[in-house]
1. So how many residues does segment 77-97 have that are within 20 Å of Leu31 (Cβ to Cβ) and in contact with a helix residue (DSSP H, G or I) (Cβ under 6 Å, 6 or more places away or on another chain)?
2. In the set Lys21, Lys49, Lys38, Lys28, which member is out of contact with any Pro (no Cβ under 8 Å at 6 or more places or on another chain), touching a residue at least 40 places away in the same chain (Cβ under 8 Å) and among the charged types (D, E, K, R)?
3. For Ser55, state whether it is polar (S, T, N, Q) and closer than 14 Å to Pro103 by Cα.
4. Scan segment 24-37 for residues that are farther than 14 Å from Ile118 by Cα, assigned to a loop (DSSP other than H, G, I, E, B) and hydrophobic (A, V, I, L, M, F, W, C) and report the count.
5. Please find, among Ile81, Ile96, Ile118, the residue that is modelled with pLDDT of 95 or more and hydrophobic (A, V, I, L, M, F, W, C).
6. Of all the residues that make up segment 38-92, how many are among the polar types (S, T, N, Q), more than 21 Å from the chain's Cα centre (by Cα) and assigned to a helix (DSSP H, G or I)?
7. From (1) buried (at least 17 other Cβ atoms within 10 Å of the Cβ); (2) modelled with pLDDT under 95; (3) not β-branched (Val, Ile, Thr), pick out the condition that doesn't hold for Ser90.
8. As an exercise: evaluate Ala60 against (1) at pLDDT below 95; (2) surrounded by fewer than 17 Cβ atoms within 10 Å (Cβ to Cβ); (3) of a type outside the set (Ser, Thr, Tyr) and give the number of the one condition it does not meet.
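The values are calculated or read from the model by the stated rules, or taken from the named source; none is laboratory data. Source: prediction; values computed, not measured. Cβ: placed from backbone, ideal geometry, glycine included. Neighbour counts: every protein chain shown.
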Amino acid sequence: MFKRGSKLNSIATGSCPKCQKESMYQDKNPLHLSKVLKMNDHCSHCGFKYQIEPSFFYGAMYVSYGLNVALGIAAFIVSFIIIGVTIEQSFLAIVITLIVLFPFILRLSRNLYINMFISYDPEAGNK
């Protein structure tokens with residue numbers, strides 16, 4: 001399921017969508033907030049340029065929005081319906097959830113977005 005060649009592997013690890021041999025990010029840890037969006041210019045293995053066109057990753061904002069809405073709804077369901085806290089506490093749970101998961105959602109949305117357009121090429125790293 002997460003083996004090399006699957007989109008899930010590239011999305012989960014943040015690796016190059018073309019060869020999946022190198023991380024797209026300069027710092028693999030998304031908790032280093034000052035470097036969360038710093039990306040390499042291209043893959044050192046296959047030469048794939050991550051910034052496909054100017055402002056390519058602006059489209060990832062839409063993916064991020066969808067992920068944040070889904071997480072907000074999930075946090076509300078868990079806190080209000082399952083746990084049974086007040087509506088104010090549920091709102092607080094949503095805000096805390098989104099703040100804590102912010103760097104992970106940023107990276108995940110970029111990973112999802114680039115993998116919508118680029119497919120794995122097993123020969124990419126061998127050229």
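1. 1
2. After ruling out the rest, the residue left standing is Lys21.
3. no
4. 3
5. Exactly one of Ile81, Ile96, Ile118 is modelled with pLDDT of 95 or more and hydrophobic (A, V, I, L, M, F, W, C), namely Ile96.
6. Going through segment 38-92 one residue at a time, the tally reaches 3.
7. Status for Ser90: all satisfied but (2).
8. It is condition (2) that Ala60 fails.
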